[in-house]
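Bear in mind that the values in this text are calculations on the coordinates, not laboratory data. Model, not experiment: these values are computed from the prediction. No Cβ is skipped: glycine too gets one built from the backbone with ideal geometry, and neighbour counts run over all protein chains shown.
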Amino acid sequence: MTATSDARHTESKAVQNTDSPSGENPRWRDRKRYLWPLGLLIPLSPFISWFLVDNLRLGLFWATGAWLLVIVIPIIDMLAGEDGESPPDDAIPRLQKDRYYRWCTYAFLPLQYAGLVFACWCWINAPMGIAEKIAMSFTVGVVAGVGINAAHELGHKSEKSEQWLAKVALAQSLYGHFYVEHNFGHHVRVATPQDPASSRFGESFWRFLPRSVFGGLRSAWRIESARLQRKGKRTWSFENNILNAWAMSVVLFATLIGIFGWEVAPWLLLQAVAGFTFLEAANYLEHYGLLRGKRADGSYVRCSPADSWNSDHVVSNLFLYQLQRHSDHHANPKLRYQSLRSAAEAPQLPAGYAVMIVIAWIPPLWRRVMDQRLLDYYDGDTERINVG
């Protein structure tokens, strides 16, 4: 059995155990249960932008989505502090089956696309200058970026309907290949030099960004081509998960341009770039400098919580579907967001994702915050660090 198949077998066994109906804990309650819909404030941000501009007469509020991401959430995150609560193992089977949590993610999609259509209307009809249209593009881009995160949650699941919903969520950001690369590339090669989405020690975000974007695209195409060839199918067919995801983007953009005119085209492209840039910023901080160990035969050991930076700040947890409990996600990728646990044994980020994404955009600050933390985690042994 290969290292990859061994890992998948172990992972499958772990998920089967958590899904068993025995040993459930009916007494434990998720204290965040009715707070999860707060995440829907992000796809509502284009409407909030219009409301604030219309009432306060300040064009800077067209960027409300961006202000939420880079100012409001980081401040509240630091004030609110860490989450401090993880579900016990015996509560996970019940959490996994509770469809309320699924509807919290499903609700994101119609609001996501309502906001995109509304933004197109604003770009054409609202009294906006160029700077204000750019600001609105970043607001919609934040929605697209968090939409990729919603697609990340849905795309890991085995239900076909959720896999298609993941592609729908990715259409706005032109990032349909993420569905293939993340599930079948990144999760296999995570925390190794072969993974384009695992950032390396000393690598700035601005160097990582093109490497991850284009490396992920090439990797996704190779993976999907190989899958279709194994099945005796043509690569250039609608069964290609990259092509059918991209087709959704083409239909979406063509429809919006057909309704609102070519004037919206540059803003649609700008918001898409902003969307996947926000997503790649999260990718950058999740595995910075971490390197999986190797077996005697040279293959990498199974991914463990030690191979992802963990964070457990409550506000980022709510707005990002607990993406920052990333260590448990890689160890158990079939667990739904509500079931993810904070991993105390994993390397810990000093703040929540909203704060760390802003820090990542400033390379000297990032290195000041993170490099010594990484070296301390590996006891100063640079041979255990992913340096590319």
Fill in: Gaussian network model of the chain, springs between alpha carbon atoms under 10 Å - residue of Gly258, Gly141, Gly293 with greatest fluctuation
Gly258
Discussion item. Given the DSSP H assignment, sum -39500 (n - 2.57) over each helix run of at least 4 residues in the chain and divide by its residue total; what's the result at 222 nm in deg cm²/dmol, nearest 500?
Written reply: -17500 deg cm²/dmol
Worksheet, complete the sentence: For Lys233, counting only aspartates and glutamates whose alpha-carbon sits under 16 Å away and dropping same-chain residues fewer than eight positions off, the answer is Glu224
Worksheet item: What are the aspartates and glutamates whose alpha-carbon lies under 12 Å from the alpha-carbon of Lys334, with same-chain residues fewer than 8 places away excluded?
Response: Glu11, Asp19, Glu153, Glu159
Worksheet, complete the sentence: Sparse-neighbourhood loop hits (chymotrypsin sites (Phe, Trp or Tyr not before Pro), region 228-300; DSSP loop; Cβ within 10 Å at most 10 others) -> Trp236, Phe238
Item to complete: Please list the non-local residues whose amide H lies under 5 Å from the amide H of Asn310, H modeled 1.01 Å from N, same-chain partners needing a gap of 5 or more.
Response: Gln348, Leu349
Discussion item. If exposed means no more than 10 neighbouring beta carbons inside 10 Å and the site is in a DSSP loop, what's the longest run of the chain without any exposed GluC sites (Glu not before Pro)?
Written reply: 160-344
Worksheet, complete the sentence: Result row for the chain, helices from DSSP H with C-alpha axial extent 15 Å or more and mean Kyte hydropathy at least -0.5, is 45-56, 108-125, 130-155, 160-171, 205-230, 241-260, 265-286
Practice prompt. Apply the Karplus parameterisation 6.51 cos²θ - 1.76 cosθ + 1.60, with θ equal to phi minus 60°, to every residue of region 379-388 and state each ³J(HN,Hα) to the nearest whole Hz, in sequence, with x for glycine and proline.
Written response: 6, x, 7, 5, 6, 9, 9, 7, 10, x
Item to complete: Give the distance, in whole Å, between the Cα centre of region 310-330 and the Cα centre of region 90-149.
Response: 19 Å
Worksheet, complete the sentence: Once the mean of 1/r over all distinct C-alpha pairs in region 88-214 is inverted, the Kirkwood radius in Å reads 16.9 Å
Worksheet item: How large is the charge dipole for region 182-298, taken about the Cα centre, if only the Cβ atoms of Lys, Arg (+1) and Asp, Glu (-1) carry charge, to the nearest 20 debye?
Response: 660 debye
Discussion item. Students often get this wrong, so check it: of Lys32/Lys294; Lys32/Lys157; Lys32/Lys97; Lys97/Lys160, which have C-alpha atoms separated by over 27 Å?
Written reply: Lys32/Lys294
